[in-house]
Amino acid sequence: MTEVPSPQLRISDQERESALNALGEHMSAGRIDIDEYGERSARITAAKTRGELAGLFDDLPAPHPVYGGAAPVAPASVPAAPPVPATAPQTAVARPDGWNGGQRAAAALVPLVWIATIALIATGTLPAWPLVIAPIALSIIGRALWGHGGGNHHNHRDRHREHRIDHREARREMRDEMRDEFRRRRDRW
């Protein structure tokens, strides 16, 4: 077996698909049966690192999964899945939709007031308790008026969950298509 680069690195969906395609080729060639294909494909779906993925191919010759963002190898005997449309890249910092200038100013002001309060208390120039009231009051008023980020964190988490579910369903469909193809071939023999 060839050495897997950085076996502790987490795998991408593309590398997982590459492994499923390679496993399908081994099933088509008769190296593994449908039950073993089911077991290994489930382990591929659950794998998190390149080392876990490579371990599933220790007893099999090439093809093996392609690592490092290279295009997955589509099996010659099985029709390739339609390409997944590219989505717009996510920005590193999500902006809450619909926030007006006042909300943005308050959101920027609250941490600054907290920092200033802590700095004044640390220097001991002013009494501590009256200073703490200002950032607490500003935080309470801001949350009462505008809520907690407009719920965008939950919306993003829900979109990410839906994306994972879509990928899982696509992998299951591909697995089921491979099983059906294997059964058709087996019945022809």
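The values are calculated or read from the model by the stated rules, or taken from the named source; none is laboratory data. Note that the structure is a prediction, hence the values are computed from the model and not measured. A quick note on method: Cβ atoms are made from the backbone with ideal geometry, for glycine too, and the neighbour counts reach across all protein chains shown.
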Margin query: If L60 meets every condition in (1) modelled with pLDDT under 90; (2) part of a loop (DSSP other than H, G, I, E, B); (3) surrounded by 11 or more Cβ atoms within 10 Å (Cβ to Cβ) apart from one, which number is that one?
Written below: (1)
Next item on the list: Look at the stretch 36-54 and say how many of its residues are surrounded by 15 or more Cβ atoms within 10 Å (Cβ to Cβ) and under 13 Å from L23 (Cβ atoms).
Entry: 10
Check: Taking helices (runs of 4 or more DSSP H) that do not extend beyond the stretch 79-189, which have at least 1 residues that are assigned by TED's automatic domain parsing to the domain that holds I34 and at pLDDT 75 or above?
Finding: 152-188
Notebook entry, point to check: Name the residues in the stretch 174-189 that are within 16 Å of T45 (Cα to Cα) and without any contact (Cβ under 8 Å) to a residue 60 or more places away in the chain, would you?
Noted result: D176
Note to self: Exactly one of these conditions fails for R40: (1) out of contact with any Lys or Arg (no Cβ under 7 Å at 6 or more places or on another chain); (2) at pLDDT below 90; (3) in the same structural domain as D180 (by TED's automatic domain parsing). Give me its number.
What the structure shows: (2)
